[in-house]
1. Counting only protein heavy atoms and using a 1.4 Å probe, what share of the accessible area of region 1-58 belongs to carbon plus sulfur, as a whole percent?
2. Quick check on packing: order 107-113, 1-7 by the mean number of other C-beta atoms within 10 Å, highest mean leading.
3. Whole-Hz Karplus ³J(HN,Hα) for region 43-48, in order, using 6.51 cos²θ - 1.76 cosθ + 1.60 and θ = phi - 60°, x for Gly and Pro?
4. Can you order the peptides 169-175, 48-54 by their average number of other Cβ atoms within 10 Å per residue, highest first?
5. Rounded to the nearest whole Å², what accessible area per residue is found for region 146-185 with the 1.4 Å probe?
Amino acid sequence: MTLGESIQTKRAVQGLSQEKLAELVGVSRQAVSKWEVGDAVPDTDKLVPLAQALGCSVDELLGHVPPVPPAGPAGEKPRGPGWFALHWYWLGLIPAAWGAYRAIQGVVSVFQMKNQLNFIGQLLASGFTSGEDEHFQRFFTQRGEVIVSEIVKALLPVFLAAGGAVLVGLLIFFLGRRYVRRKCGGTGK
């Protein structure tokens, strides 16, 4: 398609007369007529206003870019990115929720074990009355505290993994949301 044919076709699609196009570009109607027939070409300083008036880019006007396919039946607009493309960052809440669950589960386990050890200590203490038995009770209570601290040390990797999962999940969510908003112009809500 020649430049003249392109101008004529795009003018017809926009519903513009040669006079109206000439007025928008700032030239005479005869200049537009000569462009369309191929007797002349627009000056370079007229290409941008001409493309704007015809609703296309200069590259498209000159034939460097394939035209955008027309809208579907009944003037439907072309589809943009799908829902998932705009909201994938919500998947970051999955590892965050898992990590929070595991951390809470670890804390509950520590408290349960500590309560069980205290209960056993109280049972043993209720059965002893002599000074020697009090020594055994003190020893058991101290040993119970050591056991609880060992349990906490054993659960430390669980807490670190849970905290890491929460951190990674929240980073995916917030940075992904920021990326989608920048890339798609604020549609990632």
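The values are calculated or read from the model by the stated rules, or taken from the named source; none is laboratory data. Note that the coordinates shown come from a computational prediction; the quantities given were computed from them, not determined experimentally. Note: ideal-geometry Cβ built from the backbone for every residue, glycine included; neighbour counts use all protein chains shown. Each accessible area value is taken on the protein alone, full model and side chains, heavy atoms only, with ligands, DNA and RNA left out. Shrake-Rupley method; radii C 1.70, N 1.55, O 1.52, S 1.80 Å.
1. C and S atoms contribute 50 percent here.
2. In descending order of packing, they fall as 1-7, 107-113.
3. Using θ = phi - 60°, the values come out as 5, 4, 6, 9, 5, 5 Hz.
4. Highest mean packing first, the order is 48-54, 169-175.
5. Averaged over the residues of region 146-185, the accessible area is 68 Å².
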